[in-house]
Amino acid sequence: LWNNAHAREDVQVAVKKSLQALGMEYIDLFLVHWPVAYKSGEECHPKDADGKIAVADDDEHDYLETWKGMEDILEAGLVKAIGVSNYNIDQMRRQVENCRIKPAVLEIETHPFMANGELVDFCQTHGIAVIGYSPLGKPGRSWKTEGDPDIFTNETIATIGKKYNKSPAQVALRYQVQRQVCPVPKTKTLSRLKENIDIFDFELSGDDMKKLEKLNQNFRVLWLESLKHSKNYPFHS
């Protein structure tokens with residue numbers, strides 16, 4: 001669900017457009033992409049008079065109202081499961097405490113340098129599955145700067161990989177699997193796709209998991225600073 005369809009009545013309109021575009025009768029899993037709402041309308045990235053994204057911070061567009069629309073489409077049979085993405089722990093607590101149907105999923109950025117441990121623990125305690133995007137730290141990002149931590153050059157990850165005869169990417173993905181997080185790496189290369197899948201024939205030891213956990217430095221790759229002026233921007237802390 002994109003940010004310009006956060007009013008409760010807009011959710012069903014949006015999912016029906018998606019179904020029409022896909023040529024499907026239902027969607028297996030439908031997520032609220034961000035807790036931040038844009039001004040309702042056809043424009044995907046509406047701007048205000050100052051050239052900023054036109055956010056809608058009123059009660060009608062609050063993510064709790066959006067969630068009511070998500071519950072509506074689930075009960076209408078248009079989707080099989082509903083979830084959220086990019087919510088912080090305070091937003092997840094508020095969501096869980098104020099809904100009829102809990103999110104099935106939370107999708108967040110997580111990798112060895114951004115463990116998001118407290119949020120992952122909260123979700124798992126409440127029976128909410130966690131999907132991890134950018135599990136390799138988005139190494140090809142255009143905004144990467146010198147000194148940024150890198151999964152592919154990190155000595156700890158490389159050493160662990162040699163122990164199991166696995167690549168740094170495979171170690172990072174296996175780390176997520178053993179945390180009960182579902183990683184979703186992106187690749188356009190068949191050989192890398194095969195490599196990413198080949199992580200189920202080994203298991204990281206408890207000591208190696210602890211070494212990987214110590215790499216966390218709350219290093220976020222995706223900040224989406226263009227939304228910082230919204231009260232529901234999730235990454236202020």
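Considering only the range 44-90, how many residues are loosely packed, with under 14 Cβ neighbours inside 10 Å and of a type outside the set (D, E, K, R)? Of the residues in the range 44-90, 6 are loosely packed, with under 14 Cβ neighbours inside 10 Å and of a type outside the set (D, E, K, R).
For every residue, the table says whether it meets (1) of a type in the set (A, V, I, L, M, F, W, C); (2) over 13 Å from PRO183 (Cα atoms); (3) at pLDDT 95 or above; (4) in contact with a helix residue (DSSP H, G or I) (Cβ under 6 Å, 6 or more places away or on another chain).
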residue	(1), (2), (3), (4)
ASN86	no, yes, yes, no
ASP90	no, yes, yes, no
GLU107	no, no, yes, no
THR110	no, no, yes, no
GLN124	no, yes, yes, no
SER134	no, no, yes, no
PHE152	yes, yes, yes, yes
THR159	no, yes, yes, no
ASN165	no, yes, yes, no
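Could you list all residues from the range 18-43 that are among the charged types (D, E, K, R) and loosely packed, with under 12 Cβ neighbours inside 10 Å? GLU25, ASP28, GLU42, GLU43 - these are the residues of the range 18-43 that are among the charged types (D, E, K, R) and loosely packed, with under 12 Cβ neighbours inside 10 Å. For the range 187-202, filtered to residues that are part of a loop (DSSP other than H, G, I, E, B) and not aromatic (Phe, Trp, Tyr), the residue that is surrounded by the most Cβ atoms within 10 Å (Cβ to Cβ) is ILE199. You will find that of THR125, THR145, THR159, the residue that is over 20 Å from GLN217 (Cβ atoms) and of a type outside the set (Lys, Arg) is THR125 and no other. For the range 203-225, check the following and say yes or no: at least one residue is within 23 Å of the chain's Cα centre (by Cα), loosely packed, with under 13 Cβ neighbours inside 10 Å, part of a loop (DSSP other than H, G, I, E, B) and polar (S, T, N, Q). Looking through the range 203-225, at least one residue is within 23 Å of the chain's Cα centre (by Cα), loosely packed, with under 13 Cβ neighbours inside 10 Å, part of a loop (DSSP other than H, G, I, E, B) and polar (S, T, N, Q). The residue pairs whose first member lies in the range 205-228 and is closer than 20 Å to ASP148 by Cβ, whose second member is among the basic types (Lys, Arg) and loosely packed, with under 13 Cβ neighbours inside 10 Å, and whose beta carbons are closer than 7 Å, counting only pairs six or more residues apart or on different chains, are VAL221/ARG141. Note on the range 30-55: residues that are of a type in the set (A, V, I, L, M, F, W, C) and either closer than 15 Å to GLU9 by Cα or without any contact (Cβ under 8 Å) to a residue 24 or more places away in the chain (or both) amount to 4. The set of residues in the range 146-179 that are surrounded by fewer than 17 Cβ atoms within 10 Å (Cβ to Cβ), without any contact (Cβ under 8 Å) to a residue 40 or more places away in the chain and either under 10 Å from ILE199 (Cα atoms) or not hydroxyl-bearing (Ser, Thr, Tyr) (or both) comprises GLU146, GLY147, ASP150, PHE152, GLU155, ALA158, LYS162, ASN165, VAL177, GLN178. Exactly one residue out of ALA172, ALA158 is under 24 Å from CYS123 (Cα atoms), aliphatic (A, V, I, L, M) and either assigned to a helix (DSSP H, G or I) or over 22 Å from the mean Cα position of the chain (by Cα) (or both), and it is ALA172. Scanning the range 117-125 turns up no residue that is of a type in the set (A, V, I, L, M, F, W, C) and under 23 Å from ASP201 (Cβ atoms).
Of the residues in the range 108-130, none is under 17 Å from TYR233 (Cβ atoms), touching a Ser or Thr at 6+ places or on another chain (Cβ under 7 Å), surrounded by fewer than 18 Cβ atoms within 10 Å (Cβ to Cβ) and touching a residue at least 24 places away in the same chain (Cβ under 8 Å).
The values are calculated or read from the model by the stated rules, or taken from the named source; none is laboratory data. Owing to the predicted nature of the structure, the values given are computational and were not obtained by experimental measurement. When we count neighbours, we look across all protein chains shown, and the Cβ atoms used for this are built from the backbone with ideal geometry, even at glycine.
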